[in-house]
Amino acid sequence: MGLRPTQRRRFPLDLEALEQRLALTNSPLLTVPLDPSADRYGDQIVAIQAYQDSSRSAYSIFDTGATALTFSAHDQAVFANLGHPIPIKIPGGAHGQGYNGPITGDVSQPGTIMATGLGSTTVTLNPSGAPNFNPQFGAGSAAVPGAQAFVGTADGSPNLPTVTGTPILYGGTSGHPGPYAALVNMNGANLDFTGTVPGLRLSLPNLSFVDPATQLSAGQNTTQPITIPMVLVGPAYGTAPYGVTQAPSPVQNSVTVGMAGQSVAGRSFLFDTGAQVTVISTALAQALGLDLTHPTTVTSVTGANGSTQAPGFVLSTLDLPTADGQTIEFTNVPVSVLDVGAGIDGILGMNLWDHAVQMLYVQVGPGGPSLTVTFYTNPPPQPPGDSGNIDPVLGPLGGADHGNGLPGVNLYNGMISGTVYYDYNGNGSQDGGELGIPNQVVYLDMHGSGHFDLGDPSVITDPAGNYTFGWIAPGTYTVKQLPSPSLIVVSPASDAITVQVAANAGVTGVNFGDQPTQSGTVAGYVASLYGQILDRTPDQAGLNGWSQFLSQGGPAESVVQGIWMSTEHLNKEVAGIYQTILHRAADAGGLASWVHAIQQNGISLTDVKYGLFSSTEFQLDNGDNASFVLALYQDVLQRNPDAAGAATWIQNLSAGMNRSQAVKEFLSSDEYYLRNLDSLYVNVLHRQPDQAGERAWLQQLQQKLVTLDAVEQAFLSSYEFLNWSNRNGTGI
């Protein structure tokens with residue numbers, strides 16, 4: 001989460017006064033007096049974040065208040081213009097909460113997300129004054145494999161910036177071992193643009209990712225390291241099958257604030273490196289006796305979904321406990337009044353740390369989450385070139401320069417939870433001896449289709465059968481279970497539960513009672529798979545073996561894949577391709593070779609088609625371009641060519657287009673994909689395709705994320721096909 005003031009003001013430091021401010025007092029406290037003008041806003045921590053490689057890299061904000069990794073709509077558009085957008089898994093499937101309302105975006109495909117600080121980046125100015133950067137993701141960088149990012153969209157989240165949230169700290173690869181702690185040298189990134197702009201040198205915070213066991217030490221003109229303990233709140237680290245990768249954020253839950261002799265203790269403040277301003281809630285402001293109708297200042301605070309006017313005050317004190325039982329006290333603390341989330345009394349913004357030298361934030365470590373800080377005892381003067389208006393230079397860095405920060409994103413904190421259990425007596429309650437059932441899929445029927453669709457949020461029950469949907473938006477939801485083939489939902493009788501989730505609230509006890517299915521149901525499903533894939537009734541050994549596997553909790557996907565990859569099935573499929581393309585029976589050697597390539601090398605049936613279309617035999621059978629194009633239309637698209645289309649292809653081939661390229665374009669065309677998808681919906685699911693579902697599969701095919709083979713296997717593994725087989729028999 002992050003806050004930024006819309007208007008940037010930078011006040012010159014009063015160096016003589018500051019020299020008196022940051023000294024250890026005779027008491028065991030470290031007192032840090034702030035200047036209500038100069039320290040009204042703090043500097044955010046600029047990083048470089050990339051998806052998979054540096055070709056998809058952009059400036060970001062390192063934000064401990066953000067529970068996700070995000071890429072802005074603008075950066076995604078830039079990547080797309082360069083020909084390599086971040087691949088999307090669930091269009092419109094990401095939902096979050098900005099300070100002024102909800103935001104939506106896309107969920108990326110799983111990928112390695114990397115981050116590094118400005119110190120690992122070479123930055124130069126081009127003739128137009130915009131910075132060019134060359135990031136190096138080496139030592140001091142972080143990498144999180146398999147992460148799914150929140151990708152902003154122009155209509156759903158136009159103001160969402162690129163944010164490096166707390167999931168980055170849980171990463172680790174062989175090249176970048178983790179988990180990580182975040183080390184920030186507050187003036188560690190020294191950018192020298194004097195070759196382009198005389199006298200322009202900038203010092204900005206530099207971020208590096210280090211071992212959580214790293215220790216800070218005092219330096220010349222600094223205090224001793226001071227450690228402030230934290231607790232973690234929010235979603236546990238992980239990725240739901242159709243959701244954004246999330247991780248918790250740090251909170252200090254023993255903050256004391258004071259105003260004019262009145263103090264309030266034991267309050268919970270979010271430690272948020274994405275927030276430039278320190279914030280207190282409306283309730284806390286009222287507890288301190290502040291008159292919200294007559295603020296000292298008014299600040300326009302911008303979040304991921306717009307701006308709001310926040311009244312401002314100057315608190316007398318803000319105290320944080322240290323790990324050794326002492327206290328660090330900030331005085332003359334400028335704050336804004338803003339309600340940012342249930343259970344959060346305020347935000348520890350970056351303006352508190354304006355005079356820090358180093359900050360070490362540990363989220364995952366042996367001593368638990370903590371923030372360790374050293375401060376200047378005599379603050380140095382600002383470096384040359386850092387006192388003017390540098391917005392035109394640093395604006396392209398994401399607007400993250402002194403006093404002009406960016407917001408992050410915080411996911412909704414509504415919740416739905418319950419248990420999936422064995423309801424042997426069918427009475428709708430979990431009685432003694434009725435255990436919870438692990439590894440069951442519970443989902444939110446977002447499309448109202450009555451079955452599990454691509455994009456429906458889902459969770460898996462834990463070993464005790466419990467599940468939780470965390471951080472979801474207020475609204476009405478239909479919760480359903482997707483039982484394994486060996487189970488059937490008996491309570492509720494409708495197999496669906498409708499719940500109303502209020503803002504910042506939870507709904508518990510959303511339970512599903514299951515009973516084991518009759519053996520005939522499982523056997524019927526297996527028989528349906530044999531009929532659909534092998535076009536025959538099952539042999540007794542196969543029927544018994546697969547039925548037993550399912551009854552013992554085995555996944556349907558494994559059964560489908562086992563039958564699909566059988567030599568019997570692949571012989572049938574490849575033989576059919578020979579007849580369609582070469583118009584002859586497959587020779588034994590060719591048939592065995594293609595089947596081996598599918599089973600051992602993982603090629604698809606479409607790859608087999610490409611190989612036969614590109615074969616010398618096919619080329620000789622269709623020697624001239626006209627007959628070649630006619631054959632592609634008839635054998636790939638199953639229709640005669642339209643005159644204009646055929647003429648264009650013949651012209652392109654005559655002008656030098658390679659025939660293999662033409663084959664590839666036919667086999668990856670929308671028409672080819674849609675013809676096959678339509679056939680799968682009708683022949684496997686026995687219905688016409690729904691527009692949203694077919695569009696989602698088409699997009700994944702276009703992006704080479706799935707093959708048609710994989711789509712058919714997914715259909716055959718679906719609850720919808722299981723239900724059809726139970727209603728209609730084997731389908732042979």
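The values are calculated or read from the model by the stated rules, or taken from the named source; none is laboratory data. Keep in mind that what you see is a predicted model, and the values were worked out from it rather than measured. No Cβ is skipped: glycine too gets one built from the backbone with ideal geometry, and neighbour counts run over all protein chains shown.
A Cβ distance below 6 Å, combined with a sequence gap of six or more or placement on separate chains, defines the contacts here; from segment 592-613, residues that are surrounded by fewer than 17 Cβ atoms within 10 Å (Cβ to Cβ) reach residues that are assigned to a helix (DSSP H, G or I) and not small (Gly, Ala, Ser) in the pairs 604/709.
Using the structure shown, decide if residue 543 is touching a His at 6+ places or on another chain (Cβ under 9 Å) and surrounded by fewer than 21 Cβ atoms within 10 Å (Cβ to Cβ). Judged against the criteria, residue 543 is not a match.
The helices (runs of 4 or more DSSP H) found wholly in segment 590-682 and carrying at least 1 residues that are under 22 Å from residue 704 (Cα atoms) occupy 605-613, 625-636, 659-667, 670-680.
Only one of the numbered conditions (1) in a loop (DSSP other than H, G, I, E, B); (2) among the charged types (D, E, K, R); (3) touching an Asp or Glu at 6+ places or on another chain (Cβ under 7 Å) is not met by residue 267, and that is (1). Do we find that residue 383 is modelled with pLDDT under 50 and either more than 23 Å from residue 211 (Cα to Cα) or among the hydroxyl-bearing types (Ser, Thr, Tyr) (or both) in this structure? Taking the combined requirement at face value, the residue satisfies it. For residue 512, the criteria (1) among the aromatic types (Phe, Trp, Tyr); (2) at pLDDT below 85; (3) over 25 Å from residue 103 (Cα atoms) hold in every case but one, which is (2).
Can you confirm whether segment 575-583 contains a residue that is in the same structural domain as residue 684 (by TED's automatic domain parsing) and more than 30 Å from residue 529 (Cβ to Cβ)? Scanning segment 575-583 turns up at least one residue that is in the same structural domain as residue 684 (by TED's automatic domain parsing) and more than 30 Å from residue 529 (Cβ to Cβ). Could you check how many residues of segment 312-344 are more than 21 Å from residue 36 (Cα to Cα) and in a loop (DSSP other than H, G, I, E, B)? So the count comes out to 11. The set of residues in segment 324-374 being within 28 Å of the chain's Cα centre (by Cα), of a type in the set (S, T, N, Q) and either surrounded by fewer than 24 Cβ atoms within 10 Å (Cβ to Cβ) or in the same structural domain as residue 170 (by TED's automatic domain parsing) (or both) consists of 370 alone. Exactly one residue out of 106, 53, 75 is surrounded by fewer than 24 Cβ atoms within 10 Å (Cβ to Cβ), outside the structural domain of residue 695 (by TED's automatic domain parsing) and among the charged types (D, E, K, R): that is 53. Among the residues making up segment 487-543, those that are in a strand (DSSP E or B) and of a type in the set (Gly, Ala, Ser) are 491, 496, 506, 513. Here is the figure for segment 239-283: residues that are hydroxyl-bearing (Ser, Thr, Tyr), surrounded by fewer than 24 Cβ atoms within 10 Å (Cβ to Cβ) and in contact with a Pro (Cβ under 8 Å, 6 or more places away or on another chain) total 3.
Among the conditions (1) over 24 Å from the mean Cα position of the chain (by Cα); (2) assigned by TED's automatic domain parsing to the domain that holds residue 111; (3) surrounded by fewer than 21 Cβ atoms within 10 Å (Cβ to Cβ), the only one that residue 210 does not satisfy is (1). On the given criteria, is residue 674 in the same structural domain as residue 721 (by TED's automatic domain parsing), free of Cβ contacts under 8 Å to residues at least 40 places away in the same chain and within 22 Å of residue 90 (Cα to Cα)? For residue 674, the condition - in the same structural domain as residue 721 (by TED's automatic domain parsing), free of Cβ contacts under 8 Å to residues at least 40 places away in the same chain and within 22 Å of residue 90 (Cα to Cα) - is met. Within this structure, residue 179 fails the test of being farther than 18 Å from residue 210 by Cα and touching a residue at least 12 places away in the same chain (Cβ under 8 Å).
Hey, does segment 189-203 have a residue that's modelled with pLDDT of 70 or more and on the phi < 0 side of the Ramachandran plot? Looking through segment 189-203, none of the residues is modelled with pLDDT of 70 or more and on the phi < 0 side of the Ramachandran plot.
Any residue at all in segment 664-685 that's farther than 30 Å from residue 720 by Cβ and among the hydrophobic types (A, V, I, L, M, F, W, C)? Yes, there is a match, as at least one residue in segment 664-685 is farther than 30 Å from residue 720 by Cβ and among the hydrophobic types (A, V, I, L, M, F, W, C). Across segment 272-283, what is the total count of residues that are farther than 16 Å from residue 337 by Cα and not in a loop (DSSP other than H, G, I, E, B)? The total comes to 1.
When you scan segment 58-78, do you find a residue that is over 17 Å from residue 239 (Cα atoms) and without any contact (Cβ under 8 Å) to a residue 24 or more places away in the chain, even just one? Scanning segment 58-78 turns up at least one residue that is over 17 Å from residue 239 (Cα atoms) and without any contact (Cβ under 8 Å) to a residue 24 or more places away in the chain.
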